[in-house]
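Chemist: Supplied in structure tokens, the structure appears directly below.
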Amino acid sequence: MMPKTPLSFTLNGSETALFVDPGANLLDTLRRGAGDLTPKLGCAQGTCGACTVLIDGEPHLSCLTLAETVEGRDIATTGGLADGPDLHPLQQAFMEGFAAQCGFCTAGMLMAAKALLDRRPNPSRDEVIEAIGGNLCRCTGYEPIVDAILTAAARMQGRSA
Amino acid sequence: MSLTVNTVATLRDAAYALNDRARYLGGGTLLMRAVNYGDQAFDTIVRSRETDRTIRSEGQGIRIGAGATMTDLLASRDAEALHPVARVIGGPAVRNMATVGGNLFAAPPYGDLATAFLALDATVQMADGQSMPMESFLSARARSRGLVAAVMVPRTGPQEFRFAKVTRIKPKGVSMMSIAARLPGAGGSLGDVRLAFGTMGPMPLRAKAAEQALRGRSLTEDGIREALRVCCDGLQPGTDELASEWYRREVAPVHLKRLLLGRGR
Ligand SMILES: Cc1cc2nc3c(=O)[nH]c(=O)nc-3n(C[C@H](O)[C@H](O)[C@H](O)COP(=O)(O)OP(=O)(O)OC[C@H]3O[C@@H](n4cnc5c(N)ncnc54)[C@H](O)[C@@H]3O)c2cc1C
Ligand code: FES
Ligand code: FES
């Protein structure tokens, strides 16, 4: 058996250390190793975006990220969005706007949206569409998701949507 | 079968570590897919802690480190001519990961950037110091086990370069075909035209008969007629889930015409 490799990184602000198998991807490492079940496995080939996480603030597909490459880096998942009982404005807007139906795409959508709002707090509708261009949703038809992201952006800026 | 990850300190070490059963890890968007789906063609991933993501002017062109991502290209003024290509590759997460080096090996329907490089007459620099034209590199890439260090792209004005990606899913989708054209003298009489098609063969290919037919002509209905007639000569389109070979041959002149006459995309 191939030896496992020690790996440490920050996950939603907490130091995390574990061992990974050779060739393990980050998605599997987060779910099975770190117990963070928020990123989802949809396709394991980059097409659905359900596994999107932020690495040093930028969206990446965790299913296509070799786990060992995140040594010492900062990973953010949907698991770290809420502040205790208080949902993140994106989560709140998704809930209120029916932007999550089955919910399978939601964690990836939220992280793609967070990356956008962190960089552009006041995005246009087209920028929102572009930001979630790599995330598939089979339920909502996308419009409620785009609306929810714009609503969250407006609230975070203290504007009404 | 077990997989080994060989993490090395430098690109030089990575070049030494590559062999028939080893693959270099770029952004991983294709390689990790192969790993996830149990590809048995390799048993070692070579990963280098050192990467080269620099993009800079050098001589008469720009040098792009093989580790540069599509996002890096989009952030570089020097690489402005390539922005229309980098922008339509995947979504934001793919663009943050996908490297220039990996795109040179991407099988159809991928390889949009390699198609652009072929039209731009770019040169591939290998880590062992060897250098070769993109066309020779692409035709031998299946046997290549070397490490690509960088791509050198001759400087081209944004007006001289045109690119179209034809997809069946809007706004995002993989290429049914992509077309890249370097059109010196586009305002009047065309000079040394280079025309490349992606996803119209096992690797990006030049449409040499059409290039020839455009030389000395102008970008008018009349000037491009012969080029459109011969544009599939030498291409080897296949049939896949996006389109049949017949369909690709039928629509190639239509899309080439739109590109050359600048109508729509
Ligand atoms: C959802 C999705 C959408 C995509 N859309 C597009 C698209 O629209 N257009 C497009 O062109 N591509 C697309 N791709 C394919 C792919 O992301 C790109 O082609 C990308 O540029 C590949 O680069 P990479 O760094 O991820 O390659 P990797 O997966 O790291 O490597 C691919 C191959 O190249 C080899 N390799 C990588 N770098 C080097 C090097 N420096 N020297 C020698 N060998 C090397 C690897 O060993 C491997 O065999 C898409 C992929 C996904 C998952
Ligand atoms: S599971 Fe990663 S993109 Fe689908
Ligand atoms: S809510 Fe079901 S896939 Fe998006």
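Chemist: So, B:A114, is that one surrounded by 24 or more Cβ atoms within 10 Å (Cβ to Cβ), modelled with pLDDT of 95 or more and within 14 Å of another protein chain (Cβ to nearest Cβ) or not?
Modeler: For B:A114, the condition - surrounded by 24 or more Cβ atoms within 10 Å (Cβ to Cβ), modelled with pLDDT of 95 or more and within 14 Å of another protein chain (Cβ to nearest Cβ) - is not met.
Chemist: Please go through (1) within 16 Å of ligand 3 (Cβ to nearest atom); (2) assigned by TED's automatic domain parsing to the domain that holds A:G57; (3) not acidic (D, E) for A:G72 and return the number of the only condition it doesn't satisfy.
Modeler: (1)
Chemist: Of everything in the range B:168-181, what is touching a residue at least 60 places away in the same chain (Cβ under 8 Å) and more than 14 Å from the chain's Cα centre (by Cα)? Give them in sequence order.
Modeler: Listed by number, the residues that qualify are B:R168, B:K172, B:M176.
Chemist: Let me ask another. Of the residues A:A107, A:A148, which is under 23 Å from A:L61 (Cα atoms) and within 16 Å of ligand 2 (Cβ to nearest atom)?
Modeler: Going through A:A107, A:A148 in turn, just one is under 23 Å from A:L61 (Cα atoms) and within 16 Å of ligand 2 (Cβ to nearest atom): A:A107.
Chemist: Please indicate, with yes or no, whether at least one residue in the range A:58-70 is surrounded by fewer than 22 Cβ atoms within 10 Å (Cβ to Cβ), in a loop (DSSP other than H, G, I, E, B) and in contact (Cβ under 8 Å) with a residue 12 or more places away in the chain.
Modeler: No, that holds for no residue.
Chemist: Mind checking which helices (runs of 4 or more DSSP H) fall wholly inside the range B:58-98 and carry at least 2 residues that are away from ligand 2 (no atom under 16 Å from the Cβ) and either free of Cβ contacts under 8 Å to residues at least 40 places away in the same chain or within 14 Å of chain A (Cβ to nearest Cβ) (or both)?
Modeler: B:70-74, B:83-86
Chemist: Filter the range B:122-172 for residues that are at pLDDT below 95 and within 14 Å of chain A (Cβ to nearest Cβ) and give the result.
Modeler: Across the range B:122-172, the qualifying residues are B:T167, B:I169, B:K170, B:P171, B:K172.
Chemist: Quick test of your reading of the structure: B:A14 fulfils all but one of (1) touching a strand residue (DSSP E or B) at 6+ places or on another chain (Cβ under 7 Å); (2) part of a loop (DSSP other than H, G, I, E, B); (3) over 21 Å from A:A44 (Cα atoms). Name the failing condition by number.
Modeler: (2)
Chemist: Take the residues in the range A:129-146 that are within 16 Å of ligand 1 (Cβ to nearest atom) and buried (at least 21 other Cβ atoms within 10 Å of the Cβ), then tell me which one is nearest to the other protein chains (Cβ to nearest Cβ).
Modeler: Restricting to residues being within 16 Å of ligand 1 (Cβ to nearest atom) and buried (at least 21 other Cβ atoms within 10 Å of the Cβ), the top hit is A:G134.
Chemist: Looking at (1) under 13 Å from the mean Cα position of the chain (by Cα); (2) within 16 Å of ligand 3 (Cβ to nearest atom); (3) hydroxyl-bearing (S, T, Y), can you tell me which one A:T77 breaks?
Modeler: Only one criterion in (1) under 13 Å from the mean Cα position of the chain (by Cα); (2) within 16 Å of ligand 3 (Cβ to nearest atom); (3) hydroxyl-bearing (S, T, Y) is unmet by A:T77, namely (2).
Chemist: Going by the conditions given, is A:G42 small (G, A, S), buried (at least 16 other Cβ atoms within 10 Å of the Cβ), within 14 Å of chain B (Cβ to nearest Cβ) and more than 16 Å from ligand 3 (Cβ to nearest atom)?
Modeler: No, not satisfied.
The values are calculated or read from the model by the stated rules, or taken from the named source; none is laboratory data. Just so it is clear, the model here is predicted, and its values are computed rather than measured. Positions of Cβ are backbone-derived with ideal geometry, glycine not excepted, and every protein chain shown enters the neighbour counts.
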